[in-house]
Amino acid sequence: MFHELANYYDSFVAEKDYRAEAGRLERLARQFQRSRGNSWLDAACGTGRHLEFLRRRHSVAGVDSSEAMLRIARRRLPGVPLHQGDIRDFRLRRTFDVVTCLFGTIGHIGSERELRSTFHCLAKHLRPGGVAIVEPWIDPDRFRDGMIHLMTYVSPTTALARLTYSRRRGRHSVLRSHYLIGEEGRGLRHLQETDASGLLLSRRELVQLMESAGLSAQYIRRGLRPGFGLLLGVRPSGSSRPRKKSTRPA
């Protein structure tokens with residue numbers, strides 16, 4: 001679906017404050033990072049909006065599975081290395097001081113085995129002392145079965161609407177979304193998708209999966225969006241073993 005909606009993605013999330021989020025991420029990186037460099041990889045970078053601000057003080061790169069989204073990111077970020085790849089198994093043959101994976105992207109990974117592979121992949125791209133910052137999917141205790149959510153965007157030439165119905169199926173979320181796109185001179189289009197891959201894991205389970213990748217992990221309650229928090233994992237420096245931190249929310 002991303003290849004069909006890529007040109008409208010930024011409009012759907014127009015109210016998202018990427019500048020403020022980038023600033024929050026930088027403060028967390030300074031707090032938890034133990035390596036000395038300033039290289040930053042954004043995994044599942046989408047159209048590159050976070051990198052747009054992070055590149056001002058960091059040597060940045062991005063990876064995303066959608067070539068359509070990357071085309072937009074390349075126009076926005078000339079000269080920035082942007083690669084196509086799956087967050088479960090991409091290989092860039094270099095490491096970074098900070099690796100981020102945001103906006104609940106891990107909620108599109110449908111099994112614990114694949115999520116463990118994702119954390120291992122992120123960890124492999126960290127330098128010793130580097131930090132991974134991951135924005136998780138919805139907490140099982142906060143998931144509202146049967147919720148309806150509407151997103152809209154209106155400009156002088158374009159009107160967009162996304163209506164999503166959320167259901168729970170075992171340990172997974174099922175999101176059924178309908179998109180209505182109206183453009184001046186092009187008429188109306190209707191698209192729909194169903195995403196049944198959202199794995200509903202507790203924060204403690206997510207911390208344990210991140211630790212299985214060899215990172216010293218924790219969950220902090222204050223994240224980029226209300227109610228979501230952030231997972232943080234630091235790669236041990238040298239040959240030291242990961243120090244397990246409390247999984248109690250900070």
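Out of the residues in segment 229-250 that are surrounded by fewer than 19 Cβ atoms within 10 Å (Cβ to Cβ) and either of a type in the set (G, A, S) or modelled with pLDDT of 50 or more (or both), which is farthest from H125 (Cα to Cα)?
Pass one, segment 229-250, residues surrounded by fewer than 19 Cβ atoms within 10 Å (Cβ to Cβ): 236-250.
Subsequent filtering for residues that are either of a type in the set (G, A, S) or modelled with pLDDT of 50 or more (or both) retains 236-240, 246, 250.
Working: P236: 13, S237: 14, G238: 15, S239: 17, S240: 18, S246: 24, A250: 26 Å.
Going through the qualifying residues, I end up with A250.
Yes/no per residue for (1) outside the structural domain of R27 (by TED's automatic domain parsing); (2) among the hydrophobic types (A, V, I, L, M, F, W, C):
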| residue | (1), (2) |
| --- | --- |
| L175 | yes, yes |
| L180 | yes, yes |
| L191 | yes, yes |
| L215 | no, yes |
| Q218 | no, no |
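I133: on the phi < 0 side of the Ramachandran plot, among the aliphatic types (A, V, I, L, M) and part of a loop (DSSP other than H, G, I, E, B), yes or no? Outline the logic, then answer.
Numbers: on the phi < 0 side of the Ramachandran plot: yes; among the aliphatic types (A, V, I, L, M): yes; part of a loop (DSSP other than H, G, I, E, B): no.
Criteria not met by I133.
Determine which single condition A161 fails, assuming it passes every other condition in (1) over 20 Å from the mean Cα position of the chain (by Cα); (2) at pLDDT 95 or above; (3) under 23 Å from R30 (Cβ atoms).
Of (1) over 20 Å from the mean Cα position of the chain (by Cα); (2) at pLDDT 95 or above; (3) under 23 Å from R30 (Cβ atoms), only one is false for A161: (3).
Could you say whether any residue in segment 17-39 is in contact with a Cys (Cβ under 6 Å, 6 or more places away or on another chain) and either exposed (fewer than 15 other Cβ atoms within 10 Å of the Cβ) or not basic (K, R) (or both)?
At the first step, the residues of segment 17-39 found to be in contact with a Cys (Cβ under 6 Å, 6 or more places away or on another chain) are none.
No: segment 17-39 contains no residue that is in contact with a Cys (Cβ under 6 Å, 6 or more places away or on another chain) and either exposed (fewer than 15 other Cβ atoms within 10 Å of the Cβ) or not basic (K, R) (or both).
Looking at segment 118-156, which of the residues that are out of contact with any strand residue (DSSP E or B) (no Cβ under 9 Å at 6 or more places or on another chain) and surrounded by fewer than 17 Cβ atoms within 10 Å (Cβ to Cβ) is farthest from Y179 (Cα to Cα)? Explain how you work it out, then say what you get.
Taking segment 118-156 and keeping what is out of contact with any strand residue (DSSP E or B) (no Cβ under 9 Å at 6 or more places or on another chain), we get 120, 124, 128, 139, 141-142, 155-156.
Remaining after also requiring surrounded by fewer than 17 Cβ atoms within 10 Å (Cβ to Cβ): 124, 128, 139, 141-142, 155-156.
Numbers: K124: 37, P128: 43, D139: 25, D141: 28, R142: 25, S155: 16, P156: 19 Å.
Step by step, filter segment 118-156, then rank; the result is P128.
Having 1 or more residues that are under 21 Å from I109 (Cα atoms) is the bar; report the helices (runs of 4 or more DSSP H) wholly within segment 1-83 that clear it. It would help to see each step written out before you state the result.
On the way: elements: 2-12, 18-32, 49-54, 67-76.
Hits in segment 1-83: 2-12, 67-76.
Would you confirm, using the coordinates I've provided, whether I72 is within 22 Å of H3 (Cβ to Cβ), touching a Ser or Thr at 6+ places or on another chain (Cβ under 8 Å) and of a type in the set (A, V, I, L, M)?
Here the answer is yes, as I72 does meet what is asked.
Within segment 96-117, track down each residue that is surrounded by fewer than 18 Cβ atoms within 10 Å (Cβ to Cβ) and touching a Ser or Thr at 6+ places or on another chain (Cβ under 8 Å).
Matches in segment 96-117: H108, G110, R116.
Just the residues that are surrounded by 15 or more Cβ atoms within 10 Å (Cβ to Cβ) and not β-branched (V, I, T), please, taken from segment 157-166.
A159, L160, A161, R162, L163, S166
For segment 142-160, what are the residues that are of a type outside the set (G, A, S), in a loop (DSSP other than H, G, I, E, B) and touching a residue at least 60 places away in the same chain (Cβ under 8 Å)?
Step one: of segment 142-160, the residues of a type outside the set (G, A, S) are 142-145, 147-154, 156-158, 160.
Narrowing the set further to residues that are in a loop (DSSP other than H, G, I, E, B) leaves 142-145, 147, 156-157.
Selection gives R142 alone.
The values are calculated or read from the model by the stated rules, or taken from the named source; none is laboratory data. Computed from a prediction, not measured in an experiment: that's the story for all the values here. Note: ideal-geometry Cβ built from the backbone for every residue, glycine included; neighbour counts use all protein chains shown.
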